[in-house]
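Just dropping this structure here.
The values are calculated or read from the model by the stated rules, or taken from the named source; none is laboratory data. Predicted model only: the values in this text are computed from it and were never measured. A quick note on method: Cβ atoms are made from the backbone with ideal geometry, for glycine too, and the neighbour counts reach across all protein chains shown.
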Amino acid sequence: MISLVICSRTQNISQQFDENIKKTIGCEYELIVIDNSNNQYSIFEAYNAGLTKSKNNFVCFLHDDILIHSNNWGKLLIETFQNNPEVGLLGIAGSQIKTKMPSAWFNCPKEQKAIYIIQHFNGQNLKDKWEYGFENNIYVEVTAIDGVFMALRKDPRISFNTNMKGFHNYDLNISFEYQKFGYKIWSTNAILLEHFSSGSMNKDWVDSTFKIHAVYKDILPLKTSDMSKRDLKLLEFENGVKYVNHALNFKLKKNAIRIWFDLLKIRPYSKEYIKFSKKMIRLLFQ
């Protein structure tokens, strides 16, 4: 048996989603819907409440705007955890590289990602099926997974960090927690789901991303692939520059300055750093 936790923007999940779960899960399950229609909980608080209420050793956290196309996915999750005790966390989208610089899990080269999803795009009548990174395997070890679908093995030492606020980076939080305690994280293409919304960049995400990376700075960077030190260094610099630009766009100057100094440690006095620094100084004093 498996527990399902959904933080819902309405009092209950849609009938369509409820019926979809019943039809496809393929095993007995416990459904825990956290009513967040009044926005009274952060996602960290809501998911911890669901984790506390859950009665089973395996718990799956799902967004409330998805439909699952694969059959027997609950049975698959249970069997995967039972047969692989080293695995603590499993999703359908993840990356084999996670930089120390503040960034999303997907801010890495395509060949370092393992994703299987049908993704819709906000405000557009468009969707795309993404499937790459698995080759001949249905599981790929990753460093972090996306929050749209996260299944975990309960460990009393691990929960969501309620010092974090809002609705961003809970997936990095729980991924880093499982990494910290020595578990493996897998992404799979054995479960296909359709996601009807996409994330957006805003000030809350930029600030949250800075904070979550500060909390886990001692275990970062993480990698499960053979990316060279040189390529990882270049990716760190690239992600740092992206973050500083985002921070400046949202007037988070303290965050921007902190990461600017960290960039100096990566590529001291390089042409790229000097060029970027000139641009940053102009932006700081606008």
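In the range 185-286, which helices (runs of 4 or more DSSP H) lie fully inside it and hold 1 or more residues that are outside the structural domain of residue 113 (by TED's automatic domain parsing) and surrounded by fewer than 16 Cβ atoms within 10 Å (Cβ to Cβ)?
Counting at least 1 such residues, we get 229-249, 253-266, 271-284.
Any chance you could count how many residues in the range 59-77 are hydrophobic (A, V, I, L, M, F, W, C) and either surrounded by fewer than 20 Cβ atoms within 10 Å (Cβ to Cβ) or more than 21 Å from residue 158 (Cβ to Cβ) (or both)?
Residues that pass the stated criteria total 5.
Counting only residues that are closer than 14 Å to residue 61 by Cα and touching a residue at least 40 places away in the same chain (Cβ under 8 Å), which one in the range 18-39 is surrounded by the most Cβ atoms within 10 Å (Cβ to Cβ)?
25
For the range 9-34, give me the residue count where each residue is closer than 22 Å to residue 162 by Cβ and at pLDDT below 95.
1
Give me the residue from the range 156-183 that is over 19 Å from residue 219 (Cα atoms) and over 14 Å from the mean Cα position of the chain (by Cα) and, out of that set, modelled with the highest pLDDT.
The extreme case among them is 156.
Further question: How about the range 129-165: which of its residues are surrounded by fewer than 22 Cβ atoms within 10 Å (Cβ to Cβ), within 20 Å of residue 102 (Cα to Cα) and touching a Ser or Thr at 6+ places or on another chain (Cβ under 6 Å)?
If the condition is that a residue be surrounded by fewer than 22 Cβ atoms within 10 Å (Cβ to Cβ), within 20 Å of residue 102 (Cα to Cα) and touching a Ser or Thr at 6+ places or on another chain (Cβ under 6 Å), then 165 is the only one that fits.
If you go through the range 126-173 one residue at a time, how many are closer than 16 Å to residue 199 by Cα and not in a strand (DSSP E or B)?
11
Where the second residue is crowded, with 17+ Cβ neighbours inside 10 Å and not polar (S, T, N, Q) and the first is over 18 Å from residue 168 (Cα atoms) and at pLDDT below 95 and lies in the range 197-226, which pairs have Cβ atoms under 7 Å and are six or more apart or on separate chains?
From the range 197-226, the pairs are 225/97.
Are there any pairs with C-beta distances below 7 angstrom linking a residue in the range 81-101 that is closer than 30 Å to residue 234 by Cβ to a residue that is at pLDDT below 95 and assigned to a loop (DSSP other than H, G, I, E, B), with the two at least 6 apart or on different chains, and if so which?
96/225; 97/225; 97/227
Identify, please: which residue in the range 102-127 is over 27 Å from residue 234 (Cα atoms) and polar (S, T, N, Q) and is, among those, surrounded by the fewest Cβ atoms within 10 Å (Cβ to Cβ)?
Checked the range 102-127; the qualifying residue surrounded by the fewest Cβ atoms within 10 Å (Cβ to Cβ) is 125.
If a residue counts only when it is in contact with a Cys (Cβ under 6 Å, 6 or more places away or on another chain), which helices (runs of 4 or more DSSP H) contained entirely in the range 1-105 have at least 1 such residues?
Because the criterion is at least 1 residues that are in contact with a Cys (Cβ under 6 Å, 6 or more places away or on another chain), the helices (runs of 4 or more DSSP H) in the range 1-105 that meet it are 43-53, 73-83.
While we're on this one: If you go through the range 160-169 one residue at a time, do you hit one that is more than 18 Å from residue 212 (Cα to Cα) and β-branched (Val, Ile, Thr)?
No, every residue in the range 160-169 fails to be more than 18 Å from residue 212 (Cα to Cα) and β-branched (Val, Ile, Thr).
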